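Enquirer: I have a structure here, written as structure tokens, and I will follow up with some questions on it.
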Amino acid sequence: MNLRLIAFALLAAASLTAAAGSVDVNLSNDAIEARLNANAGAAEWTFGFLYNRDQQDWAANVGLLSAGESSIAGSRIEGGLGGKVYGVSVGSSEVLALALGFQARWFPGNGSFAPGGYPSSAPPVLTLPGAQQFFDIGVRAEVEVFRNSFLYVGYRQVQAELDNNVKQNVDKGGFVGMQIYF
């Protein structure tokens, strides 16, 4: 099943490259994450894959977020609300979850620096048997170095609480990355 899920995620991401809104890649000593965001009117499709080499755990996701921006006191705020379907392999368990959440970033004074973050969470009612809960949270600070090209540093925790009440992290820690908009 793992190979099928990975192949599905890669094919889905490859099919949307023509409509890509942005490509986002980040890494740490132990993990790499790649995301493709594609515009869909007032919404945004997201396709992501996170792999932790040390633990050989991974998380693939497909999501749909309403997306928009607003200005408050001369600053720009970008964000979105929605959900993601996650397929996760952590430890010796596999988890399937529908996580609801949001993302936001704030450009003070409409400048090139932005702090941002995202929480996504799936309570027991939105996880299939084998897991009690799932969450994916992260924060980051980014700077636009060239038009539509961002470098950032951040911290994330991706965790599943299994039916046996064991909490397993797919990844937890800092990372550096880049995001390029098309």
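Enquirer: Of everything in the range 79-126 that's open to solvent by less than 40 Å² (accessible area, probe 1.4 Å) and charged (D, E, K, R), which residue is farthest from the chain's Cα centre (by Cα)?
Expert: 105
Enquirer: Restricting to the range 31-61, name every residue that is at pLDDT below 95, surrounded by fewer than 19 Cβ atoms within 10 Å (Cβ to Cβ) and assigned to a strand (DSSP E or B).
Expert: Selection gives 39, 40, 43.
Enquirer: Taking the criterion of being part of a loop (DSSP other than H, G, I, E, B) and under 30 Å from residue 148 (Cβ atoms), would at least one residue in the range 71-78 satisfy it?
Expert: yes
Enquirer: Restricting attention to the range 72-121, which residues are in contact (Cβ under 8 Å) with a residue 60 or more places away in the chain, closer than 22 Å to residue 45 by Cα and out of contact with any helix residue (DSSP H, G or I) (no Cβ under 7 Å at 6 or more places or on another chain)?
Expert: 88, 95, listed by residue number.
Enquirer: Looking at the range 127-139, which of the residues that are open to solvent by 50 Å² or more (accessible area, probe 1.4 Å) and more than 12 Å from the chain's Cα centre (by Cα) is modelled with the highest pLDDT?
Expert: In this case the residue turns out to be 133.
The values are calculated or read from the model by the stated rules, or taken from the named source; none is laboratory data. What you see is a predicted model; the values in this text were computed from it and never measured. A quick note on method: Cβ atoms are made from the backbone with ideal geometry, for glycine too, and the neighbour counts reach across all protein chains shown. For accessibility, only protein heavy atoms count, side chains too; no ligands or nucleic acids. Shrake-Rupley method; radii C 1.70, N 1.55, O 1.52, S 1.80 Å.
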